[in-house]
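Written out below as structure tokens is the structure these notes cover.
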Amino acid sequence: MTSSIPSLDDIADTVRRMEARLQDAPQAQSLFEHYTLLNARFAADLADPRDAQLACSAALMLIQETVRGTEP
């Protein structure tokens, strides 16, 4: 079985798509403000840009699941 490891560009593209989709969700506004602060922290604390992007994607997944949980 071969596994494909996403490139940094692929991860960054996914993060941008998730940000674009979630930043306009009314249910996500408060969480997105926290995400913005975390995003800066990830960039400062994580030396590897790939790690920072993966951390961002994980935070966005939490926001996404929270939004899904509030939808009727």
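Read the figures in this text as sums done on the coordinates, not as results from a lab. All values reported here derive from a predicted model rather than from experimental measurement. Here the Cβ is made from the backbone with ideal geometry for all residues, glycine too, and neighbour counts use every protein chain on show.
Looking only at residues that are farther than 16 Å from ILE63 by Cβ and of a type in the set (Ser, Thr, Tyr) in the range 1-42, which one is surrounded by the most Cβ atoms within 10 Å (Cβ to Cβ)?
Filtering first and then ranking leaves SER7.
Can you confirm whether the range 17-30 contains a residue that is touching a residue at least 24 places away in the same chain (Cβ under 8 Å) and not in a helix (DSSP H, G or I)?
Yes: the range 17-30 contains one or more residues that are touching a residue at least 24 places away in the same chain (Cβ under 8 Å) and not in a helix (DSSP H, G or I).
Can you go through ASP45, ASP51 and tell me which one is touching a helix residue (DSSP H, G or I) at 6+ places or on another chain (Cβ under 9 Å), loosely packed, with under 12 Cβ neighbours inside 10 Å and under 25 Å from ASP9 (Cα atoms)? Can you show your working first?
Values: ASP51 fails: loosely packed, with under 12 Cβ neighbours inside 10 Å.
Unique residue meeting the criteria: ASP45.
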